[in-house]
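Q: Structure incoming, see below.
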Amino acid sequence: MRVLFASPEIYPLAKTGGLADVSAGLPKSLAKLDVDMHLLLPGYPSAIEAAENKSIEVEFGDFMGAGPLRLVSARTPDARLPIWLADCPPLFRRPGSPYQDRDRQDWPDNARRFAVFNHVAARLSRGHFLGDWRADIVHANDWPTGLVPAILAETPGQRPATVFTIHNLAYQGLFPPALYPQLGLPDEAFNPDGLEFHGKISFLKAGIRYSDRLTTVSPTYAREILTADYGCGLEGLLQRRARDLVGILNGADYEIWDPSRDVHLPNNFSLEDIAGKRACKTALQEEFGFEANLEVPLIIFISRITDQKMADVVAAALPEVIGDGALCVLLGDGERHLEEQFEAAALRYPGRIAFRVGYEEPLAHRIVAGGDILLHPARYEPCGLTQLYAMRYGTLPVVRSTGGLRDTVVDATDDTLSRGTATGFMFEGVTGDDMVRCVERALGLYRQPLDWRKVQRQAMAQHFGWEEPARRYLALYRSLVPQADAASKPDPEAAEVARAAG
Ligand code: ADP
């Protein structure tokens, strides 16, 4: 089974959110199941720099009028999965994030950038670039790869089967119709039955409309997106495709997010020996200029600062969140006006609220380890990974009852507490009051250390590894190409490294 896994971000080569973690963890686990996984990522500067064993596989003087293109064959650091980087310097060798410049403005040529990337994926998967490798399946992820299934379906020739995973339906890759001629697709595809969405080009709609199978990242989100409340205008199309849509819960990569061997922590700890968590908490309090005090509950928030994550509600409710006793550490970046509100709260409550604006991976680990309570509200949440990491680190999540949050956290009620199944706290509404009342419930339990420890142990014992989701993706691939296994030649190095790593 040969799979080309195309993604706009893959940890640790390029990351802006959970998609990068998934694009690393899922392929690694599929490689352990002897699938011949090949990753494809645009050749961002960070990716070219961090990828290992690089060699140039194919070179074009010009690709689709976008400039020179080199297909760089490499290995990912650590997992050593085979990866191709689509190195087209005029499109991808830029400072900033995969989607935005340093001032957080979308690159004006994003339609063109990702269309070219999608054509590379399609041609590579068909064996047009390399004589000896073609894909049985192309697995595309989110709008930046949404055109891949459309290109494969709308251009003549044999094609691999296609799977498209929706990690976030709200980011749709919408562009003005005037850009359509740059996309390299037939004119006929630009209509409401194709990839047109209310007069615009929609990369996401293309992925949903043309792929053979659709997945999303939790069972609850798979149901939610069929409704007008969560469907972002695509619910009609999704309903028509509901038989091909399945929700497979994301996993956590416990090789990276494991408090017993996390290299970013001042002290390691585990379910069996949790003492080190106290040292992590003290170190975190000191790092943020708080008085070191193990008794005081420490609430953390690590998130993109956006409406999705209810950052507006959090900003407004911060004084009530800390109440008269708690501390709060916030890390994130996103909408500037919300960042400013977080900054103002930190200035108003020095020694109680601290805010670090930015994206810092090692700091995220230290905060998850040092916190007591993770504040993770969301208007919608396809899966959410931070709550999975927090549970493993004994930091109990306060989440809104939506999407993957609902599928992964068990609310502490009288019933679940007495049965010993509680792992966190959940609220329904989207107001500050709803959230604050839930935080107060969490703080109430925190004041009962014996009960708190029980819930903490239960949360730490949860296992959301990638093994089970990977088996489900493999079953999905097999349903599309049942004949592929016999011809499979798994990559021996990736399978070996994956197995050795456990
Ligand atoms: P989303 O993909 O919607 O942003 P997820 O919960 O699926 O949310 O994944 C978020 C990922 O990004 C997690 O790995 C989390 O630790 C990380 N993260 C979010 N914000 C930051 C930040 N400011 N610094 C470091 N890591 C962050």
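Q: Go ahead and run the numbers for FRET between H198 and T416, Cβ-Cβ distance against an R0 of 60 Å, rounding to 0.05. Present the calculation step by step, with values, prior to reporting the outcome.
A: Values: r = 44 Å, r/R0 = 0.73.
Once rounded, the FRET efficiency stands at 0.85.
Q: While we're here: Using only the Cα atoms of region 180-318, build the gyration tensor, take square roots of its eigenvalues as a ≥ b ≥ c, and label the shape rounded, prolate or oblate: rounded if a/c is under 1.5, else prolate if a/b is larger than b/c, else oblate.
A: Working: a/c = 2.91, a/b = 2.38, b/c = 1.22.
Because a/c hits 1.5 or more and a/b exceeds b/c, region 180-318 counts as prolate.
Q: Next question. What number comes out for the charge environment of D21, summing +1 per Lys or Arg and -1 per Asp or Glu over other residues with Cβ under 10 Å away?
A: Working: positive: K15; negative: E9, D253.
Once all neighbours under 10 Å are counted, the net charge is -1.
Q: Using the 10 angstrom Cβ neighbour count as an exposure proxy, how do D193, D372 rank, fewest first? Could the numbers behind the result be given before it?
A: Numbers: D193 9, D372 22.
In increasing order of surrounding Cβ atoms, one gets D193, D372.
Q: Please report the antiparallel percentage of DSSP beta bridges with both residues in the chain, rounded to the nearest 5. Please report the intermediate quantities before stating the final value.
A: Numbers: 18 of 64 bridges.
Once the DSSP bridges in the chain are tallied, antiparallel ones form about 30 percent.
Q: On a full-extension model of 0.36 nm per residue, what is the gain between T16 and D244, subtracting their alpha-carbon distance, rounded to one decimal in nm? Show your work: numbers first, answer last.
A: Working: separation 228, 0.36 × 228 = 82.08 nm, distance 2.85 nm.
Contour length minus Cα-Cα distance gives 79.2 nm.
Q: Can you tell me which lysines have their Cα less than 26 Å from the Cα of K277? Leave out same-chain residues fewer than eight positions away.
A: Partners found: K454.
Q: OK, next. What residues from region 255-282 fall in the zone where the backbone N is under 19 Å from a label point 7 Å along the Cα-to-C-beta line of E52?
A: Counting backbone N atoms under 19 Å from the label point, the list is 255-257, 262-264.
Q: Okay, moving on. What distance in nm lies between label points placed 7 Å from Cα along the C-beta direction at E320 and R447?
A: For the pair E320/R447, the computed spacing is 1.8 nm.
Q: How big is the Kirkwood radius of region 275-460, worked out from every pair of different alpha carbons and given in Å to one decimal?
A: Numbers: mean 1/r = 0.0623 Å⁻¹.
Result for region 275-460, one decimal place: 16.1 Å.
Q: What's the extension gain from E291 to H463 if we count 0.36 nm per residue and subtract their Cα-Cα distance? Display every interim value, and only then the final one.
A: Working: separation 172, 0.36 × 172 = 61.92 nm, distance 3.41 nm.
Full extension of this stretch gives 58.5 nm more.
Q: Round to the nearest 0.05 the FRET efficiency obtained for S479 and D78 when R0 = 30 Å and r is the Cβ-Cβ distance.
A: 0.45
Q: Let me ask you something else. If I take R0 = 45 Å and measure r between the Cβ atoms of S260 and E428 in this structure, what FRET efficiency does the formula 1/(1 + (r/R0)^6) give, to the nearest 0.05?
A: Details: r = 35 Å, r/R0 = 0.78.
The computed FRET efficiency comes out at 0.80.
Q: Something else now. How big is the gap, in Å, between the Cα center of region 423-487 and the Cα center of region 391-418?
A: Region 423-487 and region 391-418 have Cα centres spaced 7 Å from each other.
Q: Now for a different question. Could you give me the ³J(HN,Hα) list for region 169-178, computed from phi with Karplus coefficients 6.51, -1.76, 1.60 and θ = phi - 60°, whole Hz, x at Gly and Pro?
A: 6, 6, 9, 10, x, 9, 9, x, x, 4
Q: Still on this structure: Normalised by the residues of region 1-133, what does the relative contact order come to in percent, with Cα pairs under 8 Å and at least six apart? Spell out each step's value before the answer.
A: On the way: 222 pairs, mean separation 27.8, N = 133.
Computed over region 1-133, the figure is 21 percent.
Q: Then there's this: At q = 0.09 Å⁻¹, what log₁₀ I(q)/I(0) does the chain have when each alpha carbon counts as one equal point scatterer in the Debye sum?
A: -0.63
Q: Below 14 angstrom from the Cβ of I208, what's the summed charge of the other residues (Lys, Arg +1; Asp, Glu -1)?
A: Numbers: positive: K205, R209, R213, R240, R241, R243; negative: D142, D193, E196, D212, E235, D244.
Net charge in that neighbourhood comes out at 0.
Q: Another one. Any idea how far the Cα center of region 28-66 sits from the one of region 324-383, in Å?
A: Here the two parts' Cα centres lie 34 Å apart.
Q: Follow-up question, since we're still on this one. Could you work out the local net charge near M426, counting Lys and Arg as +1, Asp and Glu as -1, over the other residues with Cβ closer than 10 Å to its Cβ?
A: Numbers: positive: R400, R406, R441; negative: D411, E428.
Spelling it out: positives minus negatives among the neighbours equals +1.
Values in this text are rule-based calculations from the coordinates and carry no lab data. What you are looking at is a predicted structure, and each value in this text was computed from that prediction instead of being measured. Glycine also receives a Cβ, built like all others from the backbone with ideal geometry; neighbour counts cover every protein chain displayed.
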